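Here is the structure we will look at, set down as structure tokens.
The values are calculated or read from the model by the stated rules, or taken from the named source; none is laboratory data. The structure presented is a predicted model; accordingly, all values stated were derived computationally and were not measured. Cβ placement follows ideal geometry from the backbone for every residue including glycine, while neighbour counts extend to all protein chains displayed.
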Amino acid sequence: MINEPCYGYLFDSTVTSEYESISLSELICPRIEAEIAFFLGKDLKGPGITIPHVLEATAAIAPILEVIDSRFENWKVNVEDAIADNAMAGRVVLSSQLSNPWNKDLKTMGVVLEKNGKYLDSAAGAAVMGHPALAVAWLANKLSEYGDYLKAGEIILPGSFIPAYEIRLNDHFQAHFSQLGSVGITFVE
């Protein structure tokens, strides 16, 4: 039973520009999520981190698409599997559109996800633990239990606004975030 969020690590090798494509041959069983990224300008050391602390430490935010990828058949994953699988980390598609988090309402910020030019889903930032910055605060506080912290220069992904959707060959996904802009990616052979 999972009674708290799961987290993993983002590696340079998994970050993709929105101007590139992603080869499905490099993935196992991918799905896509729409999120925002927090680019930390200052360290975040818990315990006691709150939303204002996160916003103060954040140099910029940007729209992203996260490609999660399970190494387990049919996504039948328990908590132990999720941890062993680095929280199903696959790829991250970063937008070049950076924004200041202080003049954005991240809780009510909306996203519309399109697949091949057609509406697929929509949600608001409140779908991420009530506020995306609250998820970052949770992570900073959780890491403090292990003597670790979030460091300036790191990119933190708080979680998806929407459920994860399957990806097929030649699919193109575009996420349009109110107040932030858009990010898209195409999947090739």
task: Name the single residue, out of those in the stretch 99-123 being among the hydrophobic types (A, V, I, L, M, F, W, C) and surrounded by 16 or more Cβ atoms within 10 Å (Cβ to Cβ), that is farthest from Leu40 (Cα to Cα).
output: Leu120
field: Qualifying position, being within 15 Å of the chain's Cα centre (by Cα), buried (at least 19 other Cβ atoms within 10 Å of the Cβ) and touching a residue at least 60 places away in the same chain (Cβ under 8 Å), among Ala133, Ala164
entry: Ala133
task: For the stretch 175-189, indicate whether the set of residues that are surrounded by fewer than 16 Cβ atoms within 10 Å (Cβ to Cβ), out of contact with any Cys (no Cβ under 8 Å at 6 or more places or on another chain) and free of Cβ contacts under 8 Å to residues at least 60 places away in the same chain is non-empty.
output: no
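A quick yes/no check of all residues on (1) within 15 Å of Glu18 (Cα to Cα); (2) at pLDDT 95 or above:
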position: Leu94; (1), (2): yes, no
position: Gln97; (1), (2): yes, no
position: Pro101; (1), (2): no, no
position: Lys107; (1), (2): no, yes
position: Gly110; (1), (2): no, yes
position: Ala124; (1), (2): no, yes
position: Ala127; (1), (2): no, yes
position: Leu134; (1), (2): no, yes
message: Considering only residues that are polar (S, T, N, Q), modelled with pLDDT of 95 or more and surrounded by fewer than 19 Cβ atoms within 10 Å (Cβ to Cβ), which ones fall in the stretch 24-63?
response: Thr50
query: Lys76 passes all but one of (1) surrounded by fewer than 14 Cβ atoms within 10 Å (Cβ to Cβ); (2) within 26 Å of Glu18 (Cβ to Cβ); (3) at pLDDT below 95; which number fails?
result: (2)
field: Hits in the stretch 96-122 - residues which are without any contact (Cβ under 8 Å) to a residue 60 or more places away in the chain, under 14 Å from Glu35 (Cα atoms), in contact with a Ser or Thr (Cβ under 9 Å, 6 or more places away or on another chain) and not in a loop (DSSP other than H, G, I, E, B)
entry: none
- line: Reported set for the stretch 162-188 where residues are modelled with pLDDT under 95 and closer than 14 Å to Glu20 by Cα is none
- request: Within the stretch 123-159, work out how many residues are hydrophobic (A, V, I, L, M, F, W, C), out of contact with any Phe, Trp or Tyr (no Cβ under 7 Å at 6 or more places or on another chain) and in a loop (DSSP other than H, G, I, E, B).
  value: 2
